[in-house]
Structure formats: C-alpha cells, structure tokens
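What follows is a single structure, written as structure tokens, with notes after it.
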Amino acid sequence: MHEVTPAWALIAFPIVLAALALLAATFDSVLTAVATGRPAPLKAMSDPLREVARLVVQQRRRTFMPDILLMRIGIFTLVVAAVLAGVVLPLGDRPVADLSVGIVWFNAMEVCVWGSLWLTGWGPNSVYPLTGGYRFLAQGLAYELPHMFALITAALGAGSLRIGDVVGAQRGLWFAVWMPVAFAVYLISAVAMAFWGPMNQAVGSDIAGGVRAELSGPDRLIFQAGRYALLAVAAAAAVPLFLGGGVGPVLPAWLWTALKTIAVLAVLVWAKHRLPAIRMDRFMEVSWMVLIPATLLQMLIVGIVVL
Amino acid sequence: MGAPGGLRMADRGPDRDGLKLDRLHVPMGPVLRDWPSGLVVDTTLQGDVIQQATVRTVSGSGDQRFWDEPWLSAMRGPHVTRGEAERRRAASHLDSLGRLLGVAGWLSAAAEARRLRDRVLAAASREEAVRDYMRFERRVRRSRLLRWMLRDLGVIEEACRLPGPGGGMSGDVATRLGRWLTETGAALTAMDDASRLEDGEGPRGPVEDRPAEKVLAVLPDLLVGAELAAARLIVASLDPDLDQLRSVHEAVHA
Amino acid sequence: MTLQVIAFWALAVASVASGMAVFIVDSMARATFALLASLLSVGLAFLLIDLEYLGVLVILMMVMEMLIMAVFMIMYMMNPAGLMPMKMVHNDRAAMVIAAGVFVLLALGAFVTPWPRRRGRPPADVTGALGLSIMGPKMLVMMVIGVAILATMISTVVLATHRGRYDRYGDALEARRPVDPGGGRLAVRDDRDRHGEDRYGDHPGGAQQPHPDHGPGPSSPGHGHDPSHGHGH
Amino acid sequence: MGLHAFLLLASALFAIGLYGVLSQQSIVMLMMGLELMINGLIVAGGAFWYHVAPADADGQVLVLVAVTVMALEMAMGFAVVTAIFRARDVDMTDDAADLKG
C-alpha cells in the first residue's frame, strides 16, 4: 500500500474511465438506433457527445421546494463513488491505489451508490424520483448479499483481499472457469449495482425516468456520466476478479485488461437490449432463495479446494 | 402542524401490512410514455402501492375511432373487405403490444412491434409481414423472463365477461399478451381475404359495445393493491381505446 | 506524518460537527445523512491508523445501515415531506447539561489516566491478524456474534410482521401457494411451468390468484397463532 | 494524533449521542443517539488497539463486536418500533411508557 503510485497512473486512470464510459454510451446509442430502425445506425455514435453539449447549455428546471443540497450531494456521490471504486482495479500490472483490502473497498464504494441514488431521488421532492430512489434500495437489498458472497468467493480462492493477489492466483486457471456460479452472480449484481439494463427500474421509463426524472442541465449530465462510469467500473472489476486480469499471451498486460474490460462492458450493454426489465418484487425472492444458497455452496466448494 | 410551503399534507390510512402510514394523492396520466392518451388515474399511494384509484378521461383531439374504423364503415354501408379489417386489427394489436413491451422495459422488442405496426399499416405484403411477425412472436414468447414478470398481475376472472380480443380479457397480464400475439398472427394471415366484412368484432371487442367503457369500469379494482410498476403493466395490458369514449360524448352533444 | 495529523483533525472535526448536526437540522433526511457523515469520518480516520479493514467495513456497513434507517425514519415520523422545522425533545436543558458533564469527565479521564505504554507494533498484515484471531483464540466471540445475528434476524421478523403462516396458507395450512400482498411465488410453482405447456395459453383459470388483498386483511385480532398479535388494538 | 486526541474525539461523540438519547422524543432519533454513542466506543477501541496493544488483535475484535452491535441494535430497534407502531400507532417514547413504575 505504501509503494508510491506512479504519477502517470493518476492522470491515466480518469481518462481511461471516461473513455470506457463514453464507449459504453456510444455502443448503447448504436444499439438503440438499430432497434428503432433508424437509417444508418452508425451515425448514432455521435449521440452521446451531442447529448453532452445539449446538457451543458440546458437551463436547469426546478421543482417545488426541493432539497437542492442533498440532491447535489447525491449526484456528485455517484461519480465520486464510481471513481473511488475504480482506483483499486489494476490498469495493467498495478492499480492506482493497491489497498490490502481492495475488494472490501470496492464493495464499500459501490454501496455508496445506494446513498447517491436515494438522495438524488429524495432531493427534488417529487413522486417519481422518490419512487425510483426507494426502488433502488429494494434492489440493493436484493442484490447486495449474493454480490458480497461472489466477491468473497474470489477473495477466498486467492486467500487475499488484495485485488493484485486475486489476479496472481489466476495464473493457471481463471476464476470464471472454476467458480462459474460466483462469476454469473457477479455479472447479475454488476448490472444491478449500476442500475443498468434489465435492472434499471430505479430509472425506469414506467415512472418517467425515476430518479433522474427531474434532473436537467449539468445535474443530469453529471448523473449520466456517473452512471456510465459506474457501469464501466463494474465491468472492469470482473476482469481482475474472475477473468485473470492482464494475463494473456503475446499482448502486454494493459492491453489484455482493456480488451477484456471492453468485452464485458459490451456484453452488459447488449444485455440491456435483449432483456425485459426485472422487477424487484419478483427478483428479491429468487435472489434470497436461490442466489444466496448457490453462492454459499460455491464458496464451500472453493473453500474445500483451497484447503 | 401546518402545511409546508402551502402543500397539502398527506393524510394517513391503514396499509396492507397493518400499519397506519402516510398517503399521497398522485394523478397518473394523462401524458405518460406508453400510456393510453387521455386517461387519468387518480391514485392514493402509500409508498408505491396504490390504495385507491379512480379513473377519469380528458378529451383529446382525436374525433374518429381509428382502430374500429373498418368495422364502423362496414356497418354504415360501403364495401369493406375482411382483409382490410384484419390489417387494421393486426396493427392495433401490434400497437398495444408495443406499449405493453415498452412498459415492461423491453425497449427493443417494443420498437420492433412498432416498426411492424407501421409497416402493416403502410400496406406491407402479407408474406413479408407474416415472416417478420413470426420472428418477433417467437422472440417474445420465448422470453421466460418476461413471462415471470407478467404473470399473476391484474387477474380478471372469466365471470367478468369483459369484452376483448379473442373472446375476452380474462386471465393475467401474461395471458392477455399471449392472446394479442395469437390474434395478431391470425389477423396477418387473413390480410389478403377479399370477402366482405360482415361482423362487428373489432380489435378490442364488439365495436358497437364500446368495450373501453367496461374496461375502465373494472380498472380501479384491478389497480388497488398493485405497485406502480404493476399498475402500469395492468393498464397497458388492457389498453383501453379512449377514442371509443370520445365519440360517445360527441354523440350526446350532437 | 504531519499530513496524517492534519487529516485526522479534519476528520475529527467533521465527525463531531456532523454528529451535532444530527440533532440540529430540520429534516429527517438531513439528520440521517449527517449521522452517516459522522460515521464515515470515523471510518476514514481508521484508515490513518492501519485499521484498513475495519475502517472500510465501517464505511460499508454504515452506508447500508443509514439508508435503511432513512427509509424507516421517513416511514414513521410525523412529517412526511421532511421540510418542516421539527423540534421533538423533552427535558432538553437537563440532557444538555448531563451530556456536557459526561464529556468533561471522559475527556479529563482520557488525559489524566496513566495509559499503559505501547507494547509491540502493528503486524504486517493487520487484517490477517484479525482473521486469525477470530478464527483462533477469539473464536468464542465470533460464535457469540453469529448466534446473536441469527437471534436478531428471527426476532426482528417475528416482531415486525403481523402475518403468520396461518394467514398465508389458510387455517388448515392447506393453500398451495401463500397469499401474500407482494408475491411469494417460489414455494409452489405453477403447473403450467412444470409441464412446459402453453406458456401464454388462453386459459383463464390457470392463474387464479386471489385478488391482492389490501388493508389488514385476514389478520384481525382473534388469530391467536401469530406471535405479534398479542397486544390489543 | 496520539491516544489523547482519539479519546477526545471518542468522548465528544459519546456525549453528543448521550444528549440525543436523553432528549429526543422520537424513538428513531433516540436510536441515532445510540448509534453516535457506539460510534464513540468504536473510536476508543480502535485508538486503544493502535496506541496500546497493536500486537494483539483484541482491540480489533472489540471494534468488530461494536460494529455488529450497532447493526443489531438498529435492526431490533426498528422491529420494536414497527411492533409498537402497529399496535398503537405511535413512535414517541413518551407514548410508549407503560413500564413506567
């Protein structure tokens, strides 16, 4: 932990994260254009940047008696949580901050999203955002325990909470191969924590956009940026935890990390377009009655193998 | 305790868990994405669970019953072919399907339904439409996730005799979705039928009965106890055609 | 070192200030998140003294805890919008005097007591030491915590719910699927699924779920079975 | 930031929490006071570990227990509030004082 982080990592990390977020947004726009049958769907690639420009200059709307302070805290927390969750992920060989408890740190930062979304939903003093905020808490309670168990299973396989050690433990065989249940649960919960794709009820179109219904202008821009950054971080974390990190033939570690991250990200974005929304009143039960026992069993097996 | 900022404070009432909690009065509609335009459901919410609901409509700009039009004009006299009517029926169901799938959060399937609807209305050939529709139908029917999310919502008993496509609206949301899919397939197949249209069985039931009235009558009971997300799905699965009501008012005026 | 000292005092001041804010601010949401800020500052301060795991654990658990607290708080407090000034205190002055007295006593004690000198140094792997400790010599503590958590889970459910299994499965427990307002569908699956037939079939009788009951439903006083029913209404 | 500084912080948090416990009428606010008091204990526990006996893990175990107690306290607290609220529709300590002698 006390080794000095190279200065270039501090600069490169936010740039990489922003690039990944933009990539996810671009791919999402293209898929949307294909689904709606827009002619020349590749033209939709510039949509995210156009949206950025629009939101920068857009005037803010105001709701009646909002709690602006809490709302802003919520919006900024989303970006900050995504960035801080990402600092423990290796950009190649080594992360920006190589904490000895990296996995717990990642988990803690990602839980901050609960607070972020609830505050953003509470702030505008309006029904739909508030409903969205509560929906995300319900989602959090549904996905968090299986998610934690999946993370702990990876840590157990490596015998360490340091993400670098988890990568090191996968030199022979990727964790995704011999802990498939944990990997699958991780992917489901990654989608849930980034309130993305089928788990996007917190910002669902059936409640007029949920948490972000009343956000406009720069507020909305920061919120959306944070959401894509979070998705990128969730996808990027799957690489060191389950997909062997930067290990791979021929190419350098950073390139392998980038390729694997982009592949996971693409799968998550694609899943959004293939699946209907999952409501938590139904998913909660499966999560607790099926996913938790499944991950515990997986953990038991991993524990026996490691011993 | 006064009213903060002049807002009416929410009152309290018993909820389904036996607690006495705050209530909020929230109107849903008339303008919402994938919502029957002109419909307003005044709800009393506790959290996101609907405790009471009343239905009203606001008049829109439409003055003709687009989806029922072939059947109505056949009754008035001019020769309307069955194929033409079936084309309209298929488009109507695809419109409803697009809305329900949109509310269910499956945006790409919803977009596909809408694209099919537009092509069917724009005189696509039968073979082409049937082929593309089959692919769409297979995709929707195959989704176990969708079925899991839709079943047991908004159950209407057979005894209600609620008019609707393919013999009624009974069953849950998933059943109604399945009925739309079956009916659309049948309607597309009959699109080239050149015989004369004789009956009055429109896409949403007998056109003379104005089935939307009956749907709106049972809607509040179905919504009570449902969460917002479930309520949206229930409304979308009934998809009342409010144009049918509007012409009632106009008839009274005339 | 000096940087660490500055960081510590900044976090300490933040922690105390937001702790005070809990009882000063007007809105419940702000009070909850002020408490969260106070707890998070302590978690971050732990990172300064090598307690990495516990510090991050405090952050992780407290965020979840406070969010759940926010939900309950807003559910039960009399002021739904959270925008009105609230002052719900009794014997405010006495409480303040007692609290101030306790603070002075504790602070004095902290400075006056001759604390033992530091023995040893933190191990290289602090987290590992904790893990080995609770799985070794302090196993009993871990087991007691485990049992306490289990007991709490059971008793919270018993206290908080008003629906027993007789409410869900009928007086003779004969219902095939529980009657729940919000679901409960895993217990017995639909026949349709088991046979894989007729996924969206038009048979209306297939999904006869009683209409979702609202209001207290079947659980009126008189059901002696439910443990939470004892008290009169 | 010696032991004294940490203990000062701990006493301040404990005292603020105590004020809340003594003065607040709402049970939920009272629980927030309790959380603050336990927060003070956690600070003290961590400080004793670091400044007195870092070689043993006893201090860490103490903090772990305190964190668990916080969670359990809150869970039980809300369960009790829910039960009282259902039975009598109150969430104030003064209204739930039947055990008063």
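The values are calculated or read from the model by the stated rules, or taken from the named source; none is laboratory data. Note that the structure is predicted; figures quoted are calculated from it, not measured. Here the Cβ positions follow ideal geometry from the backbone for every residue, glycine too, while neighbour counts run over all protein chains shown. For accessibility, only protein heavy atoms count, side chains too; no ligands or nucleic acids. Shrake-Rupley method; radii C 1.70, N 1.55, O 1.52, S 1.80 Å.
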### Query
Calculated from DSSP H runs of 4 or more alone, at -39500 (n - 2.57) each and per residue, what is the 222 nm mean residue ellipticity of the protein assembly as shown, nearest 500?
-20000 deg cm²/dmol
### Karplus 3J(HN,Hα) series, Hz, for the range C:36-52 with 6.51 cos²θ - 1.76 cosθ + 1.60 (x for Gly, Pro)
4, 4, 4, 5, 5, 4, 5, x, 5, 4, 5, 5, 6, 10, 6, 8, 4
### Task
Place a +1 charge on the Cβ of each Lys and Arg in the protein assembly as shown and a -1 charge on the Cβ of each Asp and Glu, then give the dipole magnitude about the Cα centre in debye, rounded to the nearest 20.
1520
### Query
In Å² (nearest 100), what accessible area is buried between B and A, both sides summed, heavy protein atoms only, 1.4 Å probe?
2400
### Query
Quick one: net charge of residue A:131's neighbours, Cβ under 11 Å, K/R +1, D/E -1?
-2
### Task
Taking H placed 1.01 Å from N in the peptide plane, check which residues at least 5 places from residue B:80 or on another chain put their amide H under 5 Å from its amide H.
B:197
### Summary
Everything considered on the Cα gyration tensor (a ≥ b ≥ c; rounded for a/c under 1.5, else prolate if a/b is larger than b/c, else oblate), the range C:124-181 must be described as prolate
## Note on the structure
Residue-ordered couplings for the range A:261-269, obtained by feeding phi - 60° into the Karplus form 6.51 cos²θ - 1.76 cosθ + 1.60 and rounding to whole Hz (Gly and Pro as x), are 4, 5, 5, 4, 4, 5, 5, 5, 5
### Summary
Helix D:3-23 sits off the longest principal axis of the Cα atoms of chain D, rounded to the nearest 10 on a 0 to 90 degree scale, by 0
### Summary
For residue A:67, other-chain or 5+-apart residues with amide H closer than 5 Å (H placed, Pro excluded) are A:125
### Query
Any idea which of B:145, B:41, B:170 is furthest toward the positive side of the dipole for chain B, if Lys and Arg beta-carbons carry +1 and Asp and Glu beta-carbons -1?
B:145
### Query
Given a Förster radius of 45 Å and the C-beta distance between residue C:3 and residue A:36 as r, what FRET efficiency does 1/(1 + (r/R0)^6) yield to the nearest 0.05?
0.25
### Query
With every protein chain left in place, what is the accessible area per residue of the protein assembly as shown in square angstrom, probe 1.4 Å?
42
### Query
Can you work out ³J(HN,Hα) from phi for every residue in the range A:158-171, in order, using Karplus 6.51 cos²θ - 1.76 cosθ + 1.60 and θ = phi - 60°, giving whole Hz and x for Gly and Pro?
8, x, 7, 8, 7, 5, x, 5, 5, 4, x, 6, 9, 4
#### Entry: Alpha-carbon radius of gyration plus Dmax, which is the widest Cα pair, for chain A in Å
19.2, 60
### Query
Is the range B:52-135 best put as rounded, prolate or oblate by its Cα gyration tensor, with a ≥ b ≥ c the root eigenvalues, rounded for a/c under 1.5, and otherwise prolate when a/b is larger than b/c, oblate when not?
oblate
### Message
Under the rule of at least 5 residues apart or a separate chain, name every residue whose amide H is placed under 5 Å from the amide H of residue A:91.
### Response
A:96
### Summary
To the nearest 0.05, the calculated FRET efficiency linking residue B:54 and residue C:169 through their beta-carbon distance, R0 being 56 Å, is 0.95
### Query
If you take the charge dipole of the protein assembly as shown about its Cα centre, with +1 on Lys and Arg Cβ and -1 on Asp and Glu Cβ, which of C:19, C:55, C:137 is farthest toward its positive end?
C:55
### Diffusion coefficient, µm² s⁻¹, Stokes-Einstein with Kirkwood Rh over alpha-carbon pairs of the protein assembly as shown at 37 °C and 0.692 mPa s
110
